[in-house]
Each structure stands twice: as C-alpha cells, then as structure tokens.
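Structure record follows, encoded as structure tokens.
The values are calculated or read from the model by the stated rules, or taken from the named source; none is laboratory data. Remember, predicted model here, so these are calculated numbers, not experimental data. Don't worry about glycine lacking a Cβ; one is built from the backbone with ideal geometry, like all the others, and counts go over all protein chains shown. Note: accessible area is taken over every heavy atom of the protein model, side chains too, but ligands, DNA and RNA are not part of it. Shrake-Rupley method; radii C 1.70, N 1.55, O 1.52, S 1.80 Å.
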Amino acid sequence: MRRLAMMIAVAVPVTANAHEVWVERDGNGPARIYLGEPAEPMPVGGDPEFKNLTAPNIVGQAAVRQVRRSGYIEAQVAPGDVRVTDDSVFKPWGEAGAKEGVVYYARAGRSETGSRMAYEITPLTADADRFALRYNGKPVGGAKVTLVTPERRSIELTAAADGTITVPAESKGRYLLSAAQVETGRLRVAGGPVEKLHHIATTTFTVR
C-alpha cells in the first residue's frame with residue numbers, strides 16, 4: 001500500500017506539468033476550454049484528466065454560462081479575446097514543507113495587445129506574428145516558448161531579452177504558443193499553501 005501511495009505521489013506532478021489548459025474560439029462564437037496535451041491528438045471524450053477542469057475563471061466576465069461538452073467546456077463569452085485562469089485543476093502535491101502547485105493561464109485571440117493575467121503571451125500589435133511573454137507585466141527574456149502548428153508540429157522558440165518572440169506562422173489554421181516558469185516561496189493555490197508554483201501559459205490564434 002505504501003509503495004502504491006509513493007507511485008501516485010510521483011505521478012501527479014508529472015501529469016500536472018505535462019498538461020496545459022488552452023482556449024479555442026472561432027470568430028465571435030463560444031469559447032472552448034480544454035485540458036490536455038495540445039500537440040497530441042485529443043482522445044475520444046477528452047483527456048483522462050479533463051474531469052479535473054471544473055471551474056475555469058473567465059477573466060473580466062461575470063456569470064458566464066459554461067456547458068460541459070465531450071472533452072471541453074463551452075463558454076458563452078463576449079466578443080474579443082478570451083482569457084482564462086485556473087489554479088484548482090490539480091491539488092498540491094509533494095511532502096509537507098515542499099508542496100508544489102500549478103496555475104494555468106490561457107488566452108484565445110490576438111486582437112488586444114495588453115496583458116490582463118499575471119503570466120501571459122500577448123501580441124505586440126493586433127493580429128501580428130510578434131508576441132511578448134510577460135510576468136506581472138514585465139518581459140521574460142530568454143524564456144523557452146513552444147509553438148504548436150496546425151499540423152501539430154512542435155517548434156521551440158527563445159524569447160529575446162525584451163521577452164519578444166516572432167512566430168513563423170506560415171500556413172493557415174490554428175496555432176498555439178505555450179510557456180512555463182517556476183516561482184518559489186510561501187505561495188498559495190485553491191487547494192492550499194505551496195512552496196513551489198508552476199505557472200503555465202498558452203495563447204491560441206488562427207491564420208486564415
């Protein structure tokens with residue numbers, strides 16, 4: 001029994017760090033909020049961990065109607081870019097005094113240039129292929145950013161000293177940018193206090 005418990009404790013952080021939350025939207029239609037691995041084909045019925053995505057917060061929009069679909073949450077949102085945060089997907093893991101947690105930041109669209117989440121990948125100008133990674137409004141220079149193309153090909157990019165990234169968007173379809181960084185200290189997520197916090201951000205946009 002003890003061995004099983006240790007195996008589960010090891011598995012949780014791997015799952016939490018491998019997964020991402022992302023948002024897809026077509027025009028001004030409803031937003032679709034996913035949990036999974038965006039570079040991999042989505043399993044029928046959604047990712048096995050999708051059950052943990054229960055209450056995503058849609059930034060700046062109150063009382064948004066959310067409907068649980070097969071593999072995603074559908075949200076009726078206002079026109080424009082959509083931003084979602086969630087720090088309750090995975091409960092803190094690890095031993096007492098060394099707990100870890102994860103908070104997700106997801107965005108769909110590139111029409112607005114400002115940052116409204118603590119960790120966000122934002123376009124420098126509307127509908128452009130140049131973005132900036134910002135943490136608490138400050139650029140994150142030298143960060144690794146992964147681009148997932150419409151063909152599900154992963155390309156690793158490196159942010160410049162000012163946090164900017166130029167995206168090689170060469171074909172039509174939906175692109176996804178993702179980045180992650182770790183914060184240490186006396187921190188907290190919905191499930192309780194943690195000493196290490198994984199911040200994971202995604203931004204999706206469509207080339208037509």
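The residue list 192, 109 contains one member that is closer than 21 Å to residue 34 by Cα and small (Gly, Ala, Ser), which is 109.
For residue 106, the conditions (1) free of Cβ contacts under 8 Å to residues at least 40 places away in the same chain; (2) within 25 Å of residue 192 (Cα to Cα) are fulfilled apart from (1).
Considering only the stretch 128-208, give the strands (runs of 3 or more DSSP E) lying wholly within it that have at least 2 residues that are under 17 Å from residue 16 (Cβ atoms) and among the polar types (S, T, N, Q). Quick ask: steps written out before the conclusion?
Working: elements: 130-135, 144-148, 154-158, 164-166, 173-189, 192-207.
In the stretch 128-208, the matching strands (runs of 3 or more DSSP E) lie at 173-189.
If you filter the stretch 29-46 down to residues that are in contact with a Gly (Cβ under 8 Å, 6 or more places away or on another chain) and among the small types (Gly, Ala, Ser), you find that the one that is most open to solvent (accessible area, probe 1.4 Å) is 45.
Among residues of the stretch 76-100 that are under 21 Å from residue 19 (Cβ atoms) and outside any loop (DSSP other than H, G, I, E, B), those with a Cβ under 6 angstrom from a residue that is open to solvent by 30 Å² or more (accessible area, probe 1.4 Å) and among the small types (Gly, Ala, Ser), sequence gap 6+ or separate chain, pair up as 100/94.
Each row is one residue, and each column tells you yes or no for (1) surrounded by fewer than 19 Cβ atoms within 10 Å (Cβ to Cβ); (2) on the phi > 0 side of the Ramachandran plot; (3) basic (Lys, Arg); (4) touching a His at 6+ places or on another chain (Cβ under 9 Å).
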| position | (1), (2), (3), (4) |
| --- | --- |
| 128 | yes, no, no, no |
| 139 | yes, no, no, no |
| 150 | yes, no, no, no |
| 159 | no, no, no, no |
| 173 | yes, yes, no, no |
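Hey, does the stretch 47-70 have a residue that's open to solvent by 70 Å² or more (accessible area, probe 1.4 Å), touching a residue at least 24 places away in the same chain (Cβ under 8 Å), in contact with a Gly (Cβ under 7 Å, 6 or more places away or on another chain) and more than 18 Å from residue 18 (Cβ to Cβ)? The answer is yes; a qualifying residue exists. Of all residue pairs spaced 6 or more apart or on separate chains, those with beta-carbon atoms under 6 Å, a first member in the stretch 135-155 that is within 14 Å of residue 41 (Cβ to Cβ) and a second member that is of a type outside the set (Ser, Thr, Tyr) and part of a loop (DSSP other than H, G, I, E, B) are 148/38; 148/39; 152/39; 154/39.
Based on this model, can you work out whether residue 208 counts as open to solvent by 20 Å² or more (accessible area, probe 1.4 Å), in contact (Cβ under 8 Å) with a residue 40 or more places away in the chain, among the charged types (D, E, K, R) and more than 26 Å from residue 88 (Cα to Cα)? Spelling it out, it is not the case that residue 208 is open to solvent by 20 Å² or more (accessible area, probe 1.4 Å), in contact (Cβ under 8 Å) with a residue 40 or more places away in the chain, among the charged types (D, E, K, R) and more than 26 Å from residue 88 (Cα to Cα).
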